Each structure stands twice: as C-alpha cells, then as structure tokens.
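Down below is the structure, laid out as structure tokens.
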Amino acid sequence: MQYMILFNETARDFALRSDPTRAPAHMGAWAAYIDAMAKAGIIVHGNGLMPPETGTIVRVRNGVRSLQDGALQDGALQDGAVQDGPYADSKEQVGGYFILEVPDLDTALEWAARSPSASYASTEVRPVMPPMPQ
Amino acid sequence: MPRASAWRWKTWPARGIPARPEAWLLTAARRVLGHRARHAQVRNVAATALAQLAEEAQSNPAGATPDHRLNLLFVCAHPAIDPAIQAPLMLQAVLGLDAARIAACFLVPPAAMGQRLVRAKAKIRDAGIGFALPAPADLPPRLDGVLRAIYAAYGTGWDEAFAAESRHVGLAEEAVWLARLVVALLPDAAEAKGLLALMLHCEARRPARRDGSGAFVPLARQDTARWDRPMMEEAEALLREAARAATPGRLQLEAAIQSVHAERTATGRTDWQAIVALYGLLAQLSPTVGVQVARAAALAEAGDPAPSLALLDALAATDYQPWWACRARALTLLGRRAEAQAAFRHAAGLSTDPAVRTWLLAQAEA
C-alpha cells in the first residue's frame, strides 16, 4: 500500500536549514533518515520542499485570479486582498514529503516516527487514494 | 458498520451491569481501578491494594484469591487473542485507561486502537473464553502470555520515557504496577518476580540515561551514583526469592543480566564475560532477534568483536535499529572505521529518539 508521509515544520525549524552552526546536525539527521528509508527499498518518490516564503498560493474566484505569498497565512481573501498577517512562529507547514510503498499503516507509522520532524514538530501519514474506477 | 455485538460491548459500561459475568467483572475492575487520577496517586492506591491482597492471600490457604484482576489479566492474555492487543486490553481492563491514551502509548491512531479493542472484546465473548483461572497445569504457558504483554508495554514505555510529549510518560510505571500486581497475586511465580526485578533494574537507571542538557548517555558512561539504590535493592531481593524456586526462565535470566550491570555500583567495572554467559543461556531459551543482537553487543564489549560481527551478519536484521548500532560498535572495535561510520548513520536514521539520533550521528563523525 502507498502512503504519503508529510513532514511539518515551523518557521524556526525551516530557519535551521541555513543556520551555520546548527544546519549540519539538522540536515545530517534528515540525511540519515532518508538513507535508511532508501536502503529499506520503500521509497516511491519524495522530496524536501523549499520554505513557505518561496511558495505562492493561487486562487481563482469568479474568473479572477489572485496570488498570495506563501509566507502569509491563508486567511480570508476579499477582492484579492490578504487579510491576515505573517505566520506565527509556531504554525506548522509542509517541509517535505515522501510516497512510501509499505505493507500496512503500522509500518508507515513506524517510519513516520523515525522522521526528525516527528520529534520537533509533526509528521502526518496519509494513505494514497486508489485510482478512480474507469 | 460494526457488528451489533461489538457495539453492545462498547456500551456496556454506560448501561449498567449486563447479564454476562465477564462483562460485569470488566466493568467492576474499571470502576475500582479506573476513573481516578493516575501517576503519583496510583502508587498510594496500589500500595493499599497490594497490602490488602497480601492479607487476602494469607487468609486463603487454598490460593483461591477473590481478586478478579488476575482473572482479567489471564483473559486478556489468552492465546486465542492477538498478542499485539493483549497489553492494550490489560491497560484498559485492569488499569481503566481509555482507548485514546492507550493508542498514544502504542503509537496507533485512536480510532484504530478503539476498533482493535472492540474486536478483541468481541472475540473474548464470541469465542467463549472462560473467566476462570487456568488449571495449575496450564498456568505456566498462560502466565507467560500475561508477563510477555506486560513486558511489551514496559518496552514501549522504556523507549518513549524521554519523549518530549508527556503522552508516553507513565506507561513504564503502569507496566511495573501490573507486574507488582501479578507478583502479589501469584507469589510462587518465579518468572513474575524475574520480570518485576528486570523492570525495576531498568527503572533504577532512568535518571542516568540523560545528562543535564538532555543528551543521551550510553550505559557504559552512566554515572552509577544516579542509579536508584532502593529500586535496585528491591530488584535484587526479588531475584533472590525467584531463584529459590530453582525454575530459571527467560525473564529471570534477563533480570540477572541487569543485576550484573547493577554490580558496577559496587565494583566500578562490568563483568562482560558473565553477561555473555547469561546471554548464551538466554539465546537457548529464547533466540529472538532482540536477544541475539544484545548477545552480539555483549560479545563485542567482552573483547570478541569478530564473533560479534559474525553473529550479526547471520541475523541480517536490517530494519532493526539496535542491529545497526551494535554492528557500528563491533566495526569500530575491529578498526573498520568507514563501515562503522556508515552503520552509525544508518542506526541514526532508524532512531525515533532525537537524543539517541544525535549521539549516533556524533559517533559517525568522531
């Protein structure tokens, strides 16, 4: 069965990636985890994602396209105007994902528990939806 | 859509005493032991309950204890029930924990744990599992199931003892509590004493497993002054009592291994040869992957890293974090630095505990 595991991180966790003193340990933990999954032969696909401020959120309402800076909370949009301010430091956002091919949920949860983000923020496991019947 | 029978079981506590006695006992046990503040309070209540039980046991020379919790434990650990759900069932039936908390303890989604508990209870009823204590001849294998489930719960609690979130904290204590209950109810069961001794020795070292900054401290580096002496003494007394029965078993052997480690408080050194010998016996009784990997670790520390590595190679338990950590240690002792670094990294990648992960990655860099 395929599961997507989503690694959630806070703004502080994202900042660790470019912290000269702490990045080596932080990225080393991730590299060790991903290598272990690769050696177990369960990775279908996966990637880390650039931080939320590099993202752009697209909405189309009544034929009008509005764009929003990914670093801003996805609060109510009125006439394309963003209503909410920047993210609080504690807000978690997806920092990476993997699709795993594993026998069952328990195995997927076991791997999710080993992810560094499970210890400092959170990791979510979602079953991949089976193909829609033709 | 749950079956009607399963649904009925779930609603019993809310509907008062049902016709079936085992259900009544489950409800009664929950009422007695559940629905109250846990942790600090549980120790006091447990102490009182255990004192009462000891009195009851003495006034019942036939050994027929009126305490229903023992029956409950045996029902929960019946061989017909999925071993994976036995410890959760005990925690619910005997300690009164709710499904959500048990789910958190065992790292399972609450809804899934709820379903498994309901299924297991339906199985108890539909399969007609009796509520009587097993006959004396059947007792040892059945007791083994009870002890194994408690041990599994303790193992989960041990792994998660330092989890940042408090949801896991307490499972180890609850497992110790269950073991105390079994020892009090079955004073002749040497293996039950072995299990309790084993867990107390492990609990005694808990304060030394992390340093002041929260960093992982491996056993060899732990400050023995931080080990809990009274707990170790209680464990030693239990082990001596168990040994008098002259019926050695897996859990007594594991406790004896802990006992050798505890001797370091007096001698300042660890007798690895004794530990290797004990693991040799243990591997004959119970050749599990966990035991074999621990035996390989002891061999390496006793000065035999080559046979240690050979034993690990034969096991090839590549999804088991301790296998990689042990392999890394043996490779280090053999001077195979590059392979050791890769093994430390792999062990780190399989760790769920950030402090252990950090320590292993530091070893890979060293």
For this session: Kindly indicate which of B:A298, B:A325 is open to solvent by less than 10 Å² (accessible area, probe 1.4 Å) and modelled with pLDDT of 95 or more.
Result: B:A298
Problem set entry | Any hit, segment B:271-292, residues being open to solvent by 10 Å² or more (accessible area, probe 1.4 Å), within 13 Å of another protein chain (Cβ to nearest Cβ) and assigned to a helix (DSSP H, G or I) | no
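Does B:A246 qualify as being in a loop (DSSP other than H, G, I, E, B) and in the same structural domain as B:A215 (by TED's automatic domain parsing)? Explain how you work it out, then say what you get.
Working: in a loop (DSSP other than H, G, I, E, B): yes; in the same structural domain as B:A215 (by TED's automatic domain parsing): yes.
Taking the combined requirement at face value, the residue satisfies it.
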Exercise. Would you say B:A283 is farther than 30 Å from B:L181 by Cα and either outside the structural domain of B:D353 (by TED's automatic domain parsing) or at pLDDT below 95 (or both)?
Worked result: no
Problem set entry | Top-ranked residue of segment B:348-366 - restricted to ones that are over 17 Å from A:S117 (Cα atoms) and touching a helix residue (DSSP H, G or I) at 6+ places or on another chain (Cβ under 7 Å), ranked as farthest from the other protein chains (Cβ to nearest Cβ) | B:Q363
Problem set entry | The lone exception for B:D144 - which of (1) of a type outside the set (G, A, S); (2) out of contact with any helix residue (DSSP H, G or I) (no Cβ under 6 Å at 6 or more places or on another chain); (3) modelled with pLDDT of 80 or more; (4) buried (at least 21 other Cβ atoms within 10 Å of the Cβ) it fails | (4)
Problem set entry | Of the criteria (1) within 14 Å of chain B (Cβ to nearest Cβ); (2) farther than 19 Å from B:R357 by Cβ; (3) not hydrophobic (A, V, I, L, M, F, W, C), which one A:H45 fails | (1)
For this session: State whether the residues of segment B:212-224 include one that is surrounded by 15 or more Cβ atoms within 10 Å (Cβ to Cβ) and part of a helix (DSSP H, G or I).
Result: yes
For this session: Filter segment B:249-270 down to the residues that are over 18 Å from B:L200 (Cβ atoms) and assigned to a loop (DSSP other than H, G, I, E, B), then identify the one that is most open to solvent (accessible area, probe 1.4 Å).
Result: B:R269
Exercise. Quick one: which of A:V102, A:V125 is more than 20 Å from A:D13 (Cα to Cα), in contact with a helix residue (DSSP H, G or I) (Cβ under 7 Å, 6 or more places away or on another chain) and within 13 Å of another protein chain (Cβ to nearest Cβ)?
Worked result: A:V102
Exercise. Can you find even one residue in segment B:334-346 that is within 26 Å of the chain's Cα centre (by Cα), away from chain A (no Cβ under 13 Å) and over 23 Å from A:S115 (Cα atoms)?
Worked result: no
Exercise. Residues in segment B:199-209: is at least one open to solvent by less than 40 Å² (accessible area, probe 1.4 Å), more than 18 Å from the chain's Cα centre (by Cα) and modelled with pLDDT of 80 or more?
Worked result: yes
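The values are calculated or read from the model by the stated rules, or taken from the named source; none is laboratory data. Keep in mind that this is a model prediction, so the values were computed, not measured. As a convention, Cβ positions derive from the backbone with ideal geometry for all residues, glycine included, and neighbour counts pool all protein chains shown. We work out accessible area using only protein heavy atoms, side chains counted, and drop any ligands, DNA or RNA first. Shrake-Rupley method; radii C 1.70, N 1.55, O 1.52, S 1.80 Å.
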